[in-house]
Amino acid sequence: MDEYDQARYAGEDAHEPLLSEKGETTVAVEDTPLPEELTRDSVTLPSPSEPEIAEHYVRLSQMNYGVDTGPYPLGSCTMKYNPRFTEDVAAHPDAAVHPDRSDESVQGTLALLHALQDSLARIGGMDAVTLQPPAGAAGEFAGIAIAKAYHEANGEGQRHEVVVPDSAHGTNFATAAMAGYDVVSLPSGEDGRVDLDALEAAVGEETAALMLTNPNTLGLFERDIEAVADVVHDSGGLLYYDGANLNALLGRARPGDMGFDVMHFNVHKTFATPHGGGGPGAGPVGVTADLADFLPSPQVREGEDGDYERVTPANSIGKVHGQLGNWLVLVKAYAYLLRLGDAGLRDASGKAVLNANYLAEQVPYDVPYGPFHHEFVASAGEQDAADVAKRMLDYAVHPPTTKWPETVEEALMTEPTEAEGLRGLDQLAAAFERAAADDDAALANAPEKTAARRIDQTSAARDLRLSWHALDDDSDA
Ligand SMILES: *Cc1c(COP(=O)(O)O)cnc(C)c1O
């Protein structure tokens, strides 16, 4: 999209009427088998023509910036290209199965899920995987619940602390707290990595787990990961891997081999299934053999006769989602894995790392730390990172993640992903250049060329109005 295109939907011109404002018609309701008290004699419906409907939705889509619009370097959130063939696979009529059907009648479904469990276990270096959690945060919660059940089963229920590095994703702190743990924040060392002395001081008999991501949120590999694992294991704690963004490791290194006991995957970040509006996604959880009995129910297992069946693990923590999870999202993840294969996954991680390092070299801001893996964190310095982000929208790219991690001042956390080509990377670099050269007034006024100007983000998140009528009533008042 060029700037001209974006400007067409800006300002007053951006108003797109509701379909009903383009004309309505009242139609009689024909006989229905529904109870009379639930039916009306007639309903009033919008009456646009088919082209008007198509135009309406296309215009709405052009008023927003999406993963198919252009570069989308949202660090840690990993917004990458969603291949269309996975949609075709998920739309196959045979993919529409009712979850209550008997195991015998859905062998294909169970075989696919079993194969995905196996593939993820192999990618993560884990022994068993559950596909049930519907998001990364839900996977974390299931994983920490498994760790808790494990400690309790070993008579170690006194372990009441979970240690989380200060640079960790916010969901790690929230997960530990929601699972009933006291959260111990671990300060990062000078080099942006785990400080072993600080870790030694933080763990002990009270420690249930350390939650870690590697490469960490600065895009840095924890080189001392084996020593970290030893410290945690010597204290009797478990090592949890936040595998939301596995993009740097695919086909190259495995959390299980680094000493992690339990991990989650975000298929909507790493395996290119769509990622929007908070879901649906999937956050499968992998565990070592010691923890496999605690996995949620049901689990797909291959029986001795070669048939697949749903089973409840011996000490299962129970259900964390309905049925087997977000089935169609899992179908897309499996289709993607099959299409790429081992060599393709390795290639993807190589390109993700190359792209992040290429872009890190081009940005006009200070980039502390490095060399990087799949993402890097630049500092906007004297500028406000949120203003820079708004300004980048005017330059027709999506901005990076801002103001996080807090260990970098005015952080611009950038992850171009392996899906971005050279042209997109250069477009991003140019947008960074232009924003860096802008004065305070231009930054404070941004965005100027988008359909919606700067919004009050707090109200937008806290005072949701999901119905047109709510707005309508308000304007009447
Ligand atoms: C996105 C993310 C999560 C949470 O995943 P959701 O699917 O958004 O719940 C957890 N940890 C890290 C590092 C992430 O980037």
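The values are calculated or read from the model by the stated rules, or taken from the named source; none is laboratory data. This structure is a prediction, so every number in the text was calculated from the model and none was measured. Note: ideal-geometry Cβ built from the backbone for every residue, glycine included; neighbour counts use all protein chains shown. Side chains are part of the model used for accessible areas, which takes the heavy atoms of the whole protein and leaves out ligands, DNA and RNA. Shrake-Rupley method; radii C 1.70, N 1.55, O 1.52, S 1.80 Å.
Does Ser102 satisfy being at pLDDT 95 or above and hydroxyl-bearing (Ser, Thr, Tyr)? Here the answer is yes, as Ser102 does meet what is asked. Can you say whether Gly259 is open to solvent by 10 Å² or more (accessible area, probe 1.4 Å), farther than 21 Å from Asp347 by Cα and out of contact with any Leu (no Cβ under 8 Å at 6 or more places or on another chain), as far as the supplied structure shows? So Gly259 does not fit the description; no.
Out of curiosity, is Leu131 away from the ligand (no atom under 16 Å from the Cβ) and either outside the structural domain of Arg252 (by TED's automatic domain parsing) or within 17 Å of His321 (Cβ to Cβ) (or both)? Give the derivation first.
Values: away from the ligand (no atom under 16 Å from the Cβ): no; either outside the structural domain of Arg252 (by TED's automatic domain parsing) or within 17 Å of His321 (Cβ to Cβ) (or both): yes.
So Leu131 does not fit the description; no.
Scanning region 124-162 for residues that are more than 16 Å from Met178 (Cβ to Cβ) and of a type in the set (A, V, I, L, M, F, W, C) gives Met126, Ala128, Val129, Leu131, Ala153.
A residue that is part of a loop (DSSP other than H, G, I, E, B), among the hydroxyl-bearing types (Ser, Thr, Tyr) and under 17 Å from Gly124 (Cβ atoms) cannot be found anywhere in region 327-339.
Right, Ala208: over 15 Å from Ala145 (Cα atoms), more than 13 Å from the ligand (Cβ to nearest atom) and of a type outside the set (Val, Ile, Thr) or not?
On the way: over 15 Å from Ala145 (Cα atoms): no; more than 13 Å from the ligand (Cβ to nearest atom): yes; of a type outside the set (Val, Ile, Thr): yes.
Spelling it out, it is not the case that Ala208 is over 15 Å from Ala145 (Cα atoms), more than 13 Å from the ligand (Cβ to nearest atom) and of a type outside the set (Val, Ile, Thr).
Among the residues of region 271-312, the ones that are in contact (Cβ under 8 Å) with a residue 60 or more places away in the chain, closer than 28 Å to Lys148 by Cα and either assigned to a strand (DSSP E or B) or not assigned by TED's automatic domain parsing to the domain that holds Pro133 (or both) come to 9 in all. If I ask for residues that are open to solvent by 20 Å² or more (accessible area, probe 1.4 Å) and either within 16 Å of the ligand (Cβ to nearest atom) or free of Cβ contacts under 8 Å to residues at least 24 places away in the same chain (or both), which ones from region 144-169 would you list? Selection gives Ala145, Glu152, Asn154, Gly155, Gly157, Asp166, His169.
Number of residues in region 233-257 that are without any contact (Cβ under 8 Å) to a residue 60 or more places away in the chain and either away from the ligand (no atom under 16 Å from the Cβ) or not assigned by TED's automatic domain parsing to the domain that holds Ser119 (or both) equals 4.
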